[in-house]
Amino acid sequence: MSSRLEISDLRIAYGASTVVMIEHLVVEPGTLAGVIGANGAGKSTLVNGVANWSRAEPRIAGTIRLDGEDITSLSPEEHVRRGLQLVPEGRGVFMGLTVEENLTAVAGPSGETGRKAYAVDDVYELFPRLRERRSNFAGSLSGGERQMLAVGRALRMAPKFLLLDEPSIGLAPRLVVTMLQTIRTLVEGGLTVLLVEQNVNAAMEVTDVLHLLERGRVVASGTVAEMRNDPRIIEAYLGASHG
Ligand SMILES: Nc1ncnc2c1ncn2[C@@H]1O[C@H](COP(=O)(O)OP(=O)(O)OP(=O)(O)O)[C@@H](O)[C@H]1O
Ligand SMILES: [Mg+2]
């Protein structure tokens, strides 16, 4: 079920301004890779660009490979068919549908894909809170519940590779930990994940590898152990508690 993503010479531009420039970035199968960086660093542009999903229609040049296949110019629908699934910033659940309707409205590919298709009950196992709220409209959910629902919807599509853009944003600290640990559980089950996370300390608890993005460029990459000792990370994100 796990999957390898390889990004080469990626440039993403809005009009005349190039906001993402990545020479090479690999997410190895069955790992959880984190992308961290300041507001405006290009994190959302990166993950949206990989999924070829953006209302703003940026220009994308370079090569993105999923398990060796060049997927750069494929439509979002074709990405989903191949098991690449994005949960964008701001999500995309249907507010006027109940939790359960949101989950039943999507279904994985028919036929044998070798990927795990999550039944609605599987999603409830992962996020018990959603079961309790199954008859409530998505519009009435808390921010955290809505994020669980967005991840649950993505899992229904039988992804092998998940791109998650700040799934923990706005959550109470306790729920941040729960959300990230659930994502870790999915990775232990074989999924490969590229996670955008603002909370660097929380990201370090669950990721295998971290990439620091600054003005669209990867300026540092490494295992959590390596990144924890990187002066740029300490200075900008870990602050006095490590200094
Ligand atoms: N639709 C757009 N048109 C023009 N410029 C854009 C557009 N979307 C984003 N940008 C610019 O691209 C850069 C990267 O933005 P992006 O949203 O990818 O950053 P981010 O790292 O996700 O930030 P945040 O942490 O705030 O979510 C910023 O300078 C932003 O102003
Ligand atoms: Mg963003």
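Only the coordinates and a few stated rules stand behind these numbers; no lab work does. It should be emphasised that the depicted structure is a prediction, and the values quoted were computed from it without experimental measurement. So basically every Cβ, Gly included, is an ideal-geometry build from the backbone, and we count neighbours across all protein chains shown.
Compared with the alpha-carbon gap, the fully stretched path from THR113 to THR182 is longer by 22.5 nm at 0.36 nm per residue. Counted over all Cα-Cα pairs of segment 165-243, pairs farther apart than 18 Å make up 43 percent. Taking 16 Å as the cut-off, the amide N atoms of segment 114-144 that come nearer than this to a point 7 Å along the Cα-to-beta-carbon line of GLU101 belong to 133-141.
Could you estimate the translational diffusion coefficient of segment 120-169 from the Stokes-Einstein equation, with Rh from the Kirkwood formula over C-alpha pairs, at 10 °C and 1.306 mPa s, in whole µm²/s? In µm²/s, the coefficient rounds to 140. So which residue, out of GLU132, GLU205, GLU77, gets the largest mean-square fluctuation from a GNM of the chain using Cα contacts under 10 Å as springs? Highest fluctuation among the options: GLU132.
Label point 7 Å out from GLU6 along Cα-to-Cβ: which residues of segment 31-65 have amide N under 14 Å? Only 63-65 fall inside the zone, counting backbone N under 14 Å. Against the compact-protein benchmark of 2.2 N^0.38 Å, the Cα-based radius of gyration of segment 1-157 scales to 1.11. Summarise the long-distance tail of P(r) for segment 11-89 by giving the % of C-alpha pairs beyond 19 Å. Above the 19 Å cut-off, segment 11-89 has 35 percent of its Cα pairs. From the alpha carbon centroid of segment 184-220 to that of segment 116-171 is 19 Å. From helices alone, the chain scores -8500 deg cm²/dmol at 222 nm; the rule is -39500 (n - 2.57) for each run of n ≥ 4 DSSP H residues, then divide by the residue total.
Once divided by 2.2 N^0.38 Å, the Cα radius of gyration of segment 89-138 becomes 1.23. Highest mobility in the GNM of the chain, judged by mean-square fluctuation with C-alpha springs under 10 Å and restricted to ALA16, ALA150, ALA51, is found for ALA16.
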